[in-house]
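Rule-based calculations on the coordinates, nothing more; no lab input. This one's a predicted model, so the numbers in the text were calculated from it and none came from an experiment. All Cβ positions, even for glycine, are placed from backbone atoms using ideal geometry, and neighbour counts span all protein chains on display.
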Amino acid sequence: MRGSPLRILVVGAGIAGLAVARALRLAGFRPDLTDKAPPGDLTDAGLYLPGNAARALRRLDLDGPVRPFGQVIHRQRFLDSTGAPLCEVDLDALWAGVGECRALPRADLHRVLLSGAGGAVRHGAEVRTISLLPAAVGVTFVDGTQTEYDLVIGADGPRSSIRALAALGGPPRPAGQVVYRGVVRGGPQVREWTALLGQRSGFLVVPIGAGRLHCYADEAGTALPADPLARLRELFGDYGGPVPEVLDALDGVHATTTDEVELGRWYRGRVVLVGDAAHATAPTLSQGAAMAFEDAVVLAESLHAAGSVDAALTAYESRRRPRTRWVQDRTRDRNRTRDVPPALRDPLLRGRGGRIFGEHYRLLLGPL
């Protein structure tokens, strides 16, 4: 369907939606891109992109624009809560031939994707209803505007309204984690991805360039604390390694709970889901952005190659499900490893941790 005048609506202008819009434009389509939220500043946070994210960015022709931001990460270091070494993963060796690993500010990545999407985002355009027609989708926005599209793509995150409107699934399932994110300036020197594992909790520090550190921490639970920074200091106050200096330098933190989305199918009629709207999971493997990039590439390729929208959506889901299911399963595996009591877990990781953690990405080393 190359060059086809398909009328396509992408709902959601986050990482997934912008990546899909970029991929579609490269394939010769000109989608409309909407987001129900007004334009605004992004949360001050970093992002770690494993090697398969870099490969997908190359397919989107965005690897060059991303390269000036953040820094390349060569090694993952796992420590116990005192700061003593557990194991390491050589990222250059693991992702050889696939792509480099990079950590960067989320806002920088968003700006690159927004520029790459090549079109204005219609903010404040919330979809109120959709009607599944024989060969189209009727869309009504909250302002009363009505339009028909040949394809509607829900890229609106784990709490997707498009998923609900298309009867593809209800609310997400809590993954059982509270996560904390923040950026430290003027903190300790940390040159590699460094995680400290404790009792059903962990603290991660990643350099994102210009002397800044992205901090990510999690604990088992589902209730958000009233004072996230105070809770973070209470929970990790006795940790070693770089954590004490990071906590001293941290002046703000954003806390959220994590969601899982697992669906029987990703499309119905001419409505299809991508990214977290289709397959959200806890961020333990740092695969959220990578899976969204891969979804974008494969969906655009499927629409380009197939003779019909229906055939394209079938091809897209059949190609993507094995990889997203692998990520969800391996995420749960790693979370279970984290939740093993340290007295049992830490000796295992000192002996075989590098192989165990590297194995979690094995399927993702192969082609999309």
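Kindly state, to the nearest 0.05, the FRET efficiency for Leu224 paired with Leu263, given R0 = 25 Å and r defined as their beta-carbon distance. For Leu224 and Leu263, the calculated efficiency is 0.45. So how much slack lies between Thr129 and Ala249, counting 0.36 nm per residue of separation and subtracting their Cα-Cα distance, in nm? That works out to 38.5 nm of additional length. Expressed in Å, the radius of gyration and Dmax of the Cα atoms of region 93-188 are 19.1, 59. Put in line by how crowded their Cβ is, counting other Cβ atoms within 10 Å and starting with the fewest, Thr257, Thr129 read Thr129, Thr257. Relative intensity of region 275-368 on a log10 scale, I(q)/I(0) at q = 0.16 Å⁻¹, equals -0.71, per a Debye sum over C-alpha point scatterers of equal strength in the absence of solvent.
May I ask for the equivalent-ellipsoid semi-axes of the chain, computed as the square root of five times each C-alpha gyration tensor eigenvalue and listed largest first in whole Å?
Working: eigenvalues 262, 88, 75 Å².
Ellipsoid half-lengths, sorted descending, are 36, 21, 19 Å.
Dipole magnitude for region 26-82: about 340 debye, using +1 per Lys or Arg Cβ and -1 per Asp or Glu Cβ, origin at the Cα centre. Looking at region 32-177, the pairs of alpha carbons with a distance over 18 Å make up 70% of the total. By the count of neighbouring beta-carbon atoms within 10 Å, fewest first, Thr34, Thr82 end up ordered Thr82, Thr34. Among the trypsin sites (Lys or Arg not before Pro) found in region 1-76, those both in a DSSP coil and sparsely packed, with 15 or fewer other Cβ atoms within 10 Å of their Cβ, are Arg2.
To the nearest µm²/s, what D does Stokes-Einstein give for region 134-290 at 4 °C and 1.567 mPa s, using the Kirkwood radius over alpha carbon pairs as Rh?
On the way: Rh = 17.9 Å.
The Stokes-Einstein estimate is 72 µm²/s.
Of the residues Leu57, Thr140, Ile130, the one whose Cα sits farthest towards the positive end of the charge dipole of region 54-161 is Leu57 (charges of +1 on Lys and Arg Cβ, -1 on Asp and Glu Cβ, taken about the Cα centre).
Working out 0.36 nm times the residue gap between Gln71 and Ala167, then minus their Cα-Cα distance, what length gain in nm do you get to one decimal?
Details: separation 96, 0.36 × 96 = 34.56 nm, distance 4.15 nm.
In short, 30.4 nm is gained.
Taking the Cα centre of region 50-193 as reference, the dipole from Cβ charges on Lys and Arg (+1) and Asp and Glu (-1) amounts to some 260 debye. Of Thr43, Ala84, Val20, which is farthest towards the positive pole of region 1-92's charge dipole, taken about the Cα centre with +1 and -1 on the beta-carbons of Lys, Arg and Asp, Glu respectively? Checked the options; the winner is Val20.
Fewest-first ordering of Ser318, Ser161 by other beta carbons within 10 Å of each residue's beta carbon gives Ser318, Ser161. According to the Cα-based calculation, Rg over Rh for region 202-352 is 1.07, with Rh computed by the Kirkwood formula.
Principal semi-axes of the equivalent ellipsoid, √(5λ) from the alpha carbon gyration tensor of region 183-267, are 26, 17, 13 Å from largest down. Helix 288-305 and the longest principal axis of the Cα set of the chain meet at an angle near 30°. Taking all Cα-Cα distances within region 46-104, those exceeding 19 Å account for 35%. Assuming charge only on the beta carbon of Lys and Arg (+1) and of Asp and Glu (-1), the dipole of the chain about its Cα centre is about 840 debye to the nearest 20. Full extension of the segment from Gln146 to Gln189, taken as 0.36 nm per residue of separation minus the current Cα-Cα distance, would add 10.1 nm.
Taking only the Cα atoms of region 136-223, the radius of gyration and Dmax are 20.3, 55 Å.
Mean residue ellipticity at 222 nm, helices only, the chain: -11000 deg cm²/dmol; runs of at least 4 DSSP H residues each add -39,500 (n - 2.57), and the sum is divided by the number of residues. Structural size metrics of region 296-343, computed from C-alpha coordinates, are Rg and Dmax of 16.9, 57 Å.
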